[in-house]
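In what follows, a structure is listed as structure tokens, so that the remarks can point back to it.
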Amino acid sequence: MIYVFLAEGFEETEAIAPIDMLRRAKCDVVTVGLTNDSAKSSHGVLMLCDMTDFQVELDERLEMIVLPGGTHGTANLEKNPVVQAAIEYCVKKRIPIGAICAAPSILGKKGVLNGVKATAYPDYRKYLEGAEISEKNVVTDDIFTTAAGAGVSVEFGLELVKVLKGKDTADAIREAIQCEK
């Protein structure tokens, strides 16, 4: 199971594109609203979530968590205790974490990126404490996949597919959606 956490103010492209790519790969993706069963994006798109954070179970079924960005969305993710617990659980159990745009800053501030190559939206790279800052749009190192912003959301989603299902599956989806590498 993959939890995609959706906080008020999330960047919709950074959430929807990875959800789409992961579901095309037949992954069990569950959208999680923080305190509500819906979340409004940074551009006013209301998204109905599969569950609320109160229903999150951190156990052996968890394959990955995904943290979409957006300035306000990231701030809301960062202050949520369930999101914090999920990050800690994933780090302890070596479960992949995906974060895009401003959201990788949460990982940096938490001190879990030490010695790891990572990227984020340029204004947020300064918060990637301990990380080796990469200028690449999408970076996977150790258990972390980070990405620079909305413009690389499909690429981010395909990289998450590659992490969980392998390069062949990611390449097949890339071809099916007509996405040049």
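A short reminder: the numbers here are calculations on the coordinates, not readings from a lab. Everything numeric in this text was worked out from a predicted model, so none of it was measured. Ideal geometry is used to build each Cβ from the backbone, glycine not excepted, and the neighbour counts take in all protein chains shown.
Fewest Cβ neighbours within 10 Å first, please rank Glu180, Glu60 accordingly.
Glu180, Glu60
What FRET efficiency comes out for His43 versus Asp123 if R0 is 22 angstrom and r is the Cβ-Cβ distance? Round to the nearest 0.05.
E(calc), rounded to 0.05, equals 0.75.
By the scheme Lys and Arg +1, Asp and Glu -1, what is the net charge of all other residues having a beta-carbon under 13 Å from that of Asn36?
Combined, the nearby Lys, Arg, Asp and Glu give -3.
For the pair Asp171/Arg94, report the inter-label distance in nm, with labels modelled 7 Å from Cα in the Cβ direction.
Result: 2.6 nm between the two label points.
For a quick check: sort Thr74, Thr146, Thr52, Thr13 by the number of other beta carbons within 10 angstrom, fewest at the front.
Least to most surrounded, the residues fall as Thr52, Thr13, Thr74, Thr146.
Name the shape class, rounded, prolate or oblate, that the alpha-carbon gyration tensor gives for the range 8-63, where a ≥ b ≥ c are the square roots of its eigenvalues, rounded holds for a/c under 1.5, and otherwise prolate holds if a/b is larger than b/c and oblate otherwise.
oblate
When a/c is below 1.5 the answer is rounded, else prolate if a/b is larger than b/c, else oblate, so apply that to the chain with a ≥ b ≥ c taken from the square roots of the Cα gyration tensor eigenvalues.
Rounded.
Hey, in the GNM for the chain with a 10 angstrom Cα cutoff, which one of Ala131, Ala103, Ala15 fluctuates hardest?
Comparing Ala131, Ala103, Ala15 in a Gaussian network model of the chain, the most mobile one is Ala131.
State to the nearest 20 debye the size of the charge dipole of the range 61-117 about its Cα centre, where the only charges are +1 on K and R beta carbons and -1 on D and E beta carbons.
That gives the range 61-117 a dipole magnitude of about 180 debye.
Beyond 27 Å between alpha-carbons counts as too far, so tell me which of Lys40/Lys109; Lys117/Lys167; Lys109/Lys167 fall in that bin.
Flagged as over cut-off: Lys109/Lys167.
How far, in nm, would the chain grow between Arg23 and Glu132 when pulled straight, counting 0.36 nm per residue and subtracting the alpha carbon separation?
Full extension of this stretch gives 36.2 nm more.
Name the trypsin sites (Lys or Arg not before Pro) in the range 72-108 that are in a loop by DSSP and that have at most 16 other C-beta atoms within 10 Å, would you?
Lys79, Arg94
How much of the DSSP bridge set in the chain is antiparallel, in percent, rounded to the nearest 5?
25
Report, in debye and to the nearest 20, how large the dipole of the range 85-166 comes out about its Cα centre when Lys and Arg carry +1 and Asp and Glu carry -1 on their Cβ.
240
Given +1 on the Cβ of Lys and Arg, -1 on the Cβ of Asp and Glu, and no further charges, what dipole in debye does the range 18-158 carry about its Cα centre, rounded to the nearest 20?
200
Can you sort Met47, Met64, Met21 from fewest to most other Cβ atoms within 10 Å of each residue's own Cβ?
Ordered by Cβ neighbours within 10 Å, fewest first: Met47, Met64, Met21.
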